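The structure appears right after this line, and notes come after that.
The values are calculated or read from the model by the stated rules, or taken from the named source; none is laboratory data. Computed from a predicted structure; not experimentally measured. Here the Cβ positions follow ideal geometry from the backbone for every residue, glycine too, while neighbour counts run over all protein chains shown. Side chains included, ligands, DNA and RNA excluded: accessible areas come from the protein's heavy atoms. Shrake-Rupley method; radii C 1.70, N 1.55, O 1.52, S 1.80 Å.
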Amino acid sequence: MGSTSAQNSEGLGRRDVIKRSAAIGLITVPTMSFLASCASGDSGSDKKVEKGEATEKNPLGVNASAPLDFVLFDGGFGTEYATDAVKEYEKAFPGAKVKFTPTQKIQSELQPRFNGGTPPDLIDNSGAEQMDMGVLVGKKQLADLTPLLDAPSIDDPAKKVRETLRPGVVEMGQFDGDPVWILYYAYTVYGVWYSQTALDKLDAEYPEDWDAMLALCAKAKKQGIAGWTYAGKYPYYLPFSLYPFIGKIGGREVLDAIDNLEPGAWKHPAVKSAFEAYFELFKKGYILQGTPGLDHIQSQTAWTEGKALFIPNGSWVENEAAKTTPADFQMKVAAPSSLDSSDKLPFGTLWASGGEPFVVPANAKNPDGGMEQLRIMLSEASSKNFTSKVKSLSSFNGGTDGLTLSSALQAGVDALAKAGANVLNPRLQDWYVALQKEKIGVGALGEMMAGRLTPVEAINKCQEYADAAAKDTSIKHYKHQ
């Protein structure tokens, strides 16, 4: 994956991570025109192809001779994984012609087609120019993917597709409960990233509780190495380890209350304990000097150069930092350390969730074909192909057996296995972009970690920002079901 496209795929969608969701009403000017002109009727419904016969091999009843129109975001993951899956579709339906279109201009190229009632059959709605998912759902422009999720999986017909997916994938595609509008194909593991080589040099293991974390940071400091660094200019990276830390201490219901913008949610003791723990890293001088002025690339580079042991990040970091990562770095990820033995959830609890949102338009001519293409992509073979070619897990729960994985990818697999049912999926970054990114991220966490706010002051700021968002009638509000 090239550096330019990497910025666009896992992308701008992810670095702007928080923009990726588009699940709120905070929209750009181009999206506003989409909102204004996007038809909500069924202007394309009379043009749908005739349904085929549903069989054991064709459970969705795909019309075997109908053309399929597939538009893919051409970003950091490239296109090969998708073109390989298209070949499998063409093998299954040799009479079908697939029109495959890679592009980086999803919205500008597809908006006129949505407006005219002639959208593609399958879209990878990712990148900087992705369409606003909240608008698409609100305007009834997306097909319900329940038929796909309830269809038998490619590898085991006794299992439904939904039963083969990683934790949180189905829920991420929902807005206020059923139905499911989006299928996130990639899967990101968030957490505390480190170099096993660097820990070995300190004769240390990854610290499983906070006392051990502080002790290791003190040991590193004596060797001239900082304990932590992070994207100081974009401090909304801090929640990648901080939010699951909060959830681990107080239980997932604490994060749910924060997502729901409940009054006083930020005043929970678990939040206070987590903020105080992170603030201690600053107070004891365990944060790399100058970190508040670093962007994501600069902080990652300092980390791969061995200037700091730990960095909060997502699994895209392996590819993004590849150019500066030494061959013997042994990049790994771990769940947040425990605070202490009173934590509600066990060590291993982490945050992981989907990326690369695929959708089937409601007015697609061949929606069954679009869903079948996704069913093929969610097979073990396609998942292995994706993982081996782009160094990322897919949303298929498996697909790594027999593959030679990098240390980072293997660590992600191991972390998910250790987490088991304790995989958290905070939705604040999906539901409330500006709140998470600018207010809580920059205005509170960034200020606290730079020493300009105390933990109590930062918590008060977070609650103040959340209360304002809850009262803002221009924002669509969501709640955990």
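Annotations
- Between the Cα long axis of helix 80-92 and the first principal axis of the chain there is an angle of about 30°, rounded to the nearest 10.
- The Cα atoms of the range 42-195 give a gyration tensor whose axes a ≥ b ≥ c have a/c under 1.5, which makes the shape rounded.
- Helix 455-471 and the long axis of the chain differ in direction by around 30°, with both axes built from C-alpha atoms.
- Carbon plus sulfur fraction of accessible area for the range 334-412, probe 1.4 Å, in percent: 48 percent
- Residues whose amide H lies under 5 Å from that of Y184, counting only those 5 or more places away or on a different chain, are F358; hydrogens are built 1.01 Å from N in the peptide plane.
- Here is how the number arises for the chain: DSSP H runs of 4 or more residues each give -39500 (n - 2.57), the sum is divided by the residue count, and the result at 222 nm is -10500 deg cm²/dmol.
- Backbone HN-Hα couplings from phi across the range 286-292 [Karplus 6.51/-1.76/1.60, Hz, Gly and Pro as x]: 9, 9, 3, 4, x, 3, x
- Annotation: amide H of F310 within the under-5 Å range of W228, T229, sequence separation 5 or more or interchain, hydrogens built in the peptide plane.
- With θ taken as phi - 60° and the Karplus curve 6.51 cos²θ - 1.76 cosθ + 1.60 applied, the whole-hertz 3J(HN,Hα) list for the range 421-431 is 7, 8, 9, 9, 9, x, 10, 4, 6, 8, 7 Hz, x standing for glycine and proline.
- Net charge of neighbours whose Cβ lies under 14 Å from the Cβ of F347, counting Lys and Arg as +1 and Asp and Glu as -1: -4
- Compactness of the range 338-396, expressed as Rg and Dmax over alpha-carbon positions, Å: 17.7, 56
- Rg and Dmax, both from the Cα atoms of the range 63-138 and both in Å, are 13.2, 36.
- Cα-based helix-to-principal-axis angle, 269-283 vs the chain, degrees rounded to 10: 60 degrees
- Calculated log₁₀ intensity ratio I(q)/I(0) where the Debye formula runs over C-alpha points of the chain, q = 0.11 Å⁻¹: -0.88
- Dimensions of the range 206-245 based on its C-alpha atoms, expressed as ranges along the principal axes with the largest first, amount to 29, 22, 12 Å.
- For the range 334-481: rounded, prolate or oblate by the Cα gyration tensor [a/c cutoff 1.5]: oblate
- The chain, relative contact order in percent, only Cα pairs under 8 angstrom and at least six apart counted: 25 percent
- Amide H contacts for L142 (H built 1.01 Å from N in the peptide plane; partners 5 or more residues away or on another chain; cut-off under 5 Å): A362.
- Karplus-based coupling profile of the range 200-211, in residue order and whole Hz: 4, 5, 9, 6, 10, 10, 4, x, 8, 9, 6, 4, with θ = phi - 60° in 6.51 cos²θ - 1.76 cosθ + 1.60 and x standing for Gly or Pro.
- Proportion of all alpha-carbon pairs of the range 301-368 beyond 21 Å (%): 52 percent
- Among 178-184, 443-449, sorting by the average number of other beta carbon atoms lying within 10 angstrom of each residue, highest first, gives 443-449, 178-184.
- Looking at the range 55-119, the trypsin sites (Lys or Arg not before Pro) that sit in a DSSP loop and have at most 10 other Cβ atoms within 10 Å of their own Cβ are K57.
- When both bridge partners sit in the chain, DSSP labels roughly 65% of those beta bridges antiparallel.
- Per-peptide average of other Cβ atoms within 10 Å, ordering 346-359, 453-466 highest first: 346-359, 453-466
- Probe 1.4 Å, accessible area per residue of the chain, Å²: 39 Å²
- At q = 0.11, 0.23 Å⁻¹, base-10 log of I(q)/I(0) for the range 214-342 (Debye sum, equal scatterers on each alpha carbon): -0.42, -1.41
- Loop-located trypsin sites (Lys or Arg not before Pro) in the range 255-360 (DSSP state not H, G, I, E or B) with no more than 13 neighbouring Cβ atoms inside 10 Å: K284.
- Heavy atoms of I297 accessible to a 1.4 Å probe, total area in Å² rounded to 10: 70 Å²
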